[in-house]
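Inspection log for the structure reproduced underneath, given as C-alpha cells.
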Amino acid sequence: MSIWQPEADETLIARAPVAFATGEATPVSGMRWFRDTHRNDIQNELVGWPTGPTYTARSAGDTAARNTAKGVLAVAGIAIRGFLSSHGGGIGGTPGLEGNGTNISHDHADEINDFPVMWAAPGTIARTLPWQLDPARSSEKRYRTHAVITDRRLAIVGFPYVKGNDSLIDDELLWDTPRSSIERVELRDFKHGRDTKIFFVDGSWCRLKSIKRERLTRYLIEPLDFIPLDSLTPAQRHTAEAFAAAQAPDAELPLVKRNPCGCFRIEVVALSTVHAFFGHSGIDTVMDESGTEVKPMELHKEDVLT
C-alpha cells in the first residue's frame, strides 16, 4: 500500500473522494459535457483522454414523457407509503449522504439545458485535469479518485478500488495545481448538494462532485489561518497535543483554527486512516478559550465539520 504524501515542508490538510459531476435535471440526467467557452464539445481535443460516450440532451417531448412517468411513480409511491404508514410500516432512504440539496436551479444554462463539467479555452488549466475523474471513462466500481488539499496545492490521486477492502490504497498522483491558480470555489446545491465549481485564474473551471464536499472545499474557501502551537495558551496547547497523541501513531501535528463563535477546532490528519470511500474521515474536536474540550451537545453550528 502506498498513500500519496506531500513534500516534507508541505502540510497535508484534507482528503476527499471526488469525480466529475453528473446531470440531474431530466434533459441532462446521467450526462456531462466538456466545453470550450463557445459551448463546443471538446472531449476529443483533450490530450491523452480515451474515447468516451457522446451525449445528446433530451428534447422537450422526451423530457415531458419522462416527467409524466416520474409523476406516475411518485403518486404510486405516495400511495404505498400511505398504506404502509396506516399499517405501521415505513420506507426510509440512506441517511447522511445527500448534503444540502434543493430542487431549485439558479443556473438553467449549465444545470437544465446543458451540463458542462469542464469549461476551458485551449491551453487553460481545466483542460489538464485527468480523465480518470470521469465516471464514464473510469468506473468507480474499479477505480477511485480523491482530491488532496495541502497548504500549497490541490492534487488529484487515483488508485484501483477493491470492493470490501477500503483500506487498500495504492495512490498514483494524476494531477496537481498550486493553490494560487484557484480563483474561487462555489458550492452548487441543485438536487443532491454534492457539487462544486472550481474556477481557475485563467477563466477555466470544472464541476466536481463529492460525498464529502465540505471536507473538499472548506480549506479551498477558508483562509489557512491555522494557529501555531506555540501561540496557544499552555492549557490550549496541552489539549491539542493530547488529542493528537491519542490518535493513530502516524498522526500529524494538530491543526488548530479559531471558529467564528470563539471556540477552537483541532484537526488531526493520519495517513493510516485514509478510507477508499470517504477519503480522510476527519479526526477533530473542539475546545473553548480555556482549553477545555466542548461536549457535543454544546457545539455551535460553526464548530461542526462534516
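Read the figures in this text as sums done on the coordinates, not as results from a lab. Only a predicted model underlies this, so the values are computations on that prediction, with no experimental measurement involved. Ideal geometry is used to build each Cβ from the backbone, glycine not excepted, and the neighbour counts take in all protein chains shown.
Computed over the chain with a Gaussian network model linking Cα atoms closer than 10 Å, the most mobile of 282, 164, 52 is 164.
Sorted fewest first by neighbouring Cβ atoms within 10 angstrom, 33, 175, 119 come out as 175, 33, 119. Relative to the current alpha-carbon distance between residue 187 and residue 5, full extension at 0.36 nm per residue lengthens the span by 62.8 nm. Counted by neighbouring Cβ atoms within 10 Å, the residues 199, 159, 34 run from fewest to most as 199, 159, 34.
Taking only DSSP H segments of four or more residues, each worth -39500 (n - 2.57), what value at 222 nm results for the chain once the sum is divided by all its residues, to the nearest 500 deg cm²/dmol? Don't skip to the end; give the middle numbers.
On the way: 4 runs with 52 residues, N = 306.
Computed ellipticity for the chain at 222 nm equals -5500 deg cm²/dmol.
Here the dipole of the chain is about 1240 debye; that uses its Cα centre as origin and unit charges on the Cβ of Lys and Arg (positive) and Asp and Glu (negative).
The lysines whose alpha-carbon is closer than 22 Å to the alpha-carbon of residue 212, local same-chain residues fewer than 8 away aside, are 141, 163, 191, 197, 257, 301.
Between 260, 131, 43, the Cα set farthest toward the positive side of the dipole of the chain (charges on each charged residue's Cβ, about the Cα centre) is that of 43. Extension gain, residue 238-residue 59: 0.36 nm per intervening residue step, less the Cα-Cα distance, totals 58.2 nm. In this structure the amide hydrogen of residue 143, modeled in the peptide plane, comes within under 5 Å of the amide hydrogens of 161, none closer than 5 places in sequence on its chain. Farthest toward the positive end of the dipole of the chain, out of 5, 270, 185, is the Cα of 185, where the dipole comes from beta carbon charges about the Cα centre. Could you please report the charge total around residue 219, scoring K, R as +1 and D, E as -1 over all other residues with beta-carbon less than 13 angstrom from its beta-carbon? Result for the local shell: +4.
Magnitude of the charge dipole for region 229-303, about its Cα centre and with charges confined to Cβ atoms of Lys, Arg (+1) and Asp, Glu (-1), is about 100 debye.
Based on alpha-carbon positions alone, could you give the equivalent ellipsoid semi-axes of the chain from the gyration tensor, as √(5λ), descending, whole Å? Before the final figure, lay out each step's value.
Working: eigenvalues 260, 146, 68 Å².
Its equivalent ellipsoid spans semi-axes of 36, 27, 18 Å.
Note on region 229-303: percent of Cα-Cα distances in each 5 Å bin, starting at 0 and stopping at the bin with the largest distance, equals 3, 17, 26, 22, 18, 11, 2, 0.
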